[in-house]
Amino acid sequence: RIINGAMMIDQRNSGAQVTPAGGAYTIDRWFYGATQASKCTVQRLTSSPPAGFTNYVGVTVASTATIGAGDYFMIAQIIEGMNIADFDYGLSTGATVTLSFWAKSNQTGNFSGGYQSVNSPYPSYPFSFNITSSGTWQKFSITITPPPVGSTWTNLGTTSGAIYLQFNLACGSTYQGTVNTWTNSNVFGFSGNANIMGNAGNYLYITGVQVEVGSVATPFENRMYPEELRLCQRYCFSKIGSQGSGGAAMLGAGGNARSTTTAFVQYIFPVTMRQTPVLTVVNPTSFLLYQTSAIQATAVALDVADPSAASIQVTVASGLTSPTFYSFGCNNGNAQLIYSAEL
């Protein structure tokens, strides 16, 4: 029930290293969470993955952190309730599930993670995995028993988030509980869990993450790349500029000018998104409108949207002819449109 468990899709960053100032989505579907800003880098990596994989997510300590009771550093995925409606959590028919994954770190010891409801009082199942060899990929399998009957899982079968799955770099006492035991408390670690935040350069690498019904981990389900991409695009759809031989890249869209300074460009999303997205525009002045020549944008902003399509307003200083059709492009590989309907 995990999307992008093999860490192939990275629409936002295309493999570039990022240093989140706080909580942020990094590679597709994977959220970096931390209580202290800019302490770690996150990156999709390809060098020496475990057998059968080509990518993994790497979280590396950029600067050290002292861990207080309420601190945490993690990489996590929020699972949509529509994707686990059959788990029957909170009922007597609740499912046993198995989590499996590959992990590697330069540090050894008992690392922690959590599997929990997003709903208060947060039925939580902290788990541990023991990395015994520095710098070596190890495969782990953890069977998670059904949560208690009557526990709170109100988002099952909805388009909201239902489950947090977390892997920790460090976690303070506020969030620590008893491993392999359900508790109605917001916990996802345990006393004595590994803390790799004490030295810059320490890292935790993860790939091959799978959650499935049953008490036995089956081989990782490798989806075709186009299928995995479309699953990710339900939550994030990104268009990144890349300069072509003509000096500008077209971004698969266009629209009509409404005045000498404004045009409206339409996008049909490749899949219906989870909900109406919000738009983040990176380097808006690198976008352009093109008819017989290029006119540089001064601003780009969302006009209207629904889960299947969006209209964006492109503003220029002057030079448009209404109602002429203009192609939409950019002249900078750092220009990007990010439509987000994340959990």
> In the range 154-181, which residues are open to solvent by less than 40 Å² (accessible area, probe 1.4 Å) and either over 22 Å from the mean Cα position of the chain (by Cα) or under 20 Å from residue 129 (Cα atoms) (or both)?
Replying inline: 163, 165, 166, 167, 168, 169, 170, 171, 172, 177
>> Could you check the range 8-30 and list, in sequence order, the residues that are of a type in the set (A, V, I, L, M, F, W, C), without any contact (Cβ under 8 Å) to a residue 60 or more places away in the chain and open to solvent by 40 Å² or more (accessible area, probe 1.4 Å)?
In response: 16, 21
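For the range 327-343, what are the residues that are of a type in the set (Ser, Thr, Tyr) and open to solvent by less than 10 Å² (accessible area, probe 1.4 Å)?
The answer is 339, and nothing else.
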> Among the candidates 81, 23, which residue alone is under 27 Å from residue 185 (Cα atoms), at pLDDT below 95 and in contact with a strand residue (DSSP E or B) (Cβ under 6 Å, 6 or more places away or on another chain)?
Replying inline: 23
>> I'd like the full set of residues that are of a type in the set (Phe, Trp, Tyr), under 22 Å from the mean Cα position of the chain (by Cα) and closer than 23 Å to residue 184 by Cα, limited to the range 88-143.
In response: 111, 115, 122, 125, 127
> Restricted to the range 313-338, and to residues that are assigned to a loop (DSSP other than H, G, I, E, B) and at pLDDT below 95, which residue is farthest from the chain's Cα centre (by Cα)?
Replying inline: 331
> For the range 310-338, which residues satisfy the criterion of being out of contact with any Asp or Glu (no Cβ under 9 Å at 6 or more places or on another chain) and either without any contact (Cβ under 8 Å) to a residue 24 or more places away in the chain or within 17 Å of residue 267 (Cα to Cα) (or both)?
Replying inline: 314, 315, 325, 326, 327, 328, 329, 330, 335, 336, 337, 338
> Taking residue 260, is it closer than 15 Å to residue 336 by Cβ, touching a residue at least 24 places away in the same chain (Cβ under 8 Å), of a type in the set (Ser, Thr, Tyr) and out of contact with any Asp or Glu (no Cβ under 9 Å at 6 or more places or on another chain)?
Replying inline: no
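Checking the conditions here, which among 192, 198 is assigned to a loop (DSSP other than H, G, I, E, B), at pLDDT below 95 and open to solvent by 10 Å² or more (accessible area, probe 1.4 Å)? Walk me through it before giving the result.
Details: 198 fails: at pLDDT below 95.
That would be 192, the only listed residue that is assigned to a loop (DSSP other than H, G, I, E, B), at pLDDT below 95 and open to solvent by 10 Å² or more (accessible area, probe 1.4 Å).
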>> Going by what's in this entry, would residue 52 be described as open to solvent by 10 Å² or more (accessible area, probe 1.4 Å), of a type in the set (Gly, Ala, Ser) and under 18 Å from residue 210 (Cβ atoms)?
In response: yes
> Quick one: which strands (runs of 3 or more DSSP E) sit completely within the range 249-312 and have at least 3 residues that are not hydrophobic (A, V, I, L, M, F, W, C)?
Replying inline: 249-257, 262-268, 294-306
>> Going through 286, 293, 311 one at a time, which residue ends up being of a type in the set (Gly, Ala, Ser) and open to solvent by 30 Å² or more (accessible area, probe 1.4 Å)?
In response: 293
> For the range 31-42, how many residues are within 25 Å of residue 230 (Cα to Cα) and buried (at least 20 other Cβ atoms within 10 Å of the Cβ)?
Replying inline: 3
> Restricting attention to the range 125-145, which residues are open to solvent by 50 Å² or more (accessible area, probe 1.4 Å), closer than 20 Å to residue 98 by Cα and in a loop (DSSP other than H, G, I, E, B)?
Replying inline: 145
>> Every residue in the range 315-326 that is of a type outside the set (A, V, I, L, M) and surrounded by 19 or more Cβ atoms within 10 Å (Cβ to Cβ), please.
In response: 326
> With respect to residue 198, is the statement that it is more than 25 Å from residue 4 (Cβ to Cβ), in contact with an Asp or Glu (Cβ under 7 Å, 6 or more places away or on another chain) and small (Gly, Ala, Ser) true?
Replying inline: no
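The values are calculated or read from the model by the stated rules, or taken from the named source; none is laboratory data. Owing to the predicted nature of the structure, the values given are computational and were not obtained by experimental measurement. So basically every Cβ, Gly included, is an ideal-geometry build from the backbone, and we count neighbours across all protein chains shown. For accessibility, only protein heavy atoms count, side chains too; no ligands or nucleic acids. Shrake-Rupley method; radii C 1.70, N 1.55, O 1.52, S 1.80 Å.
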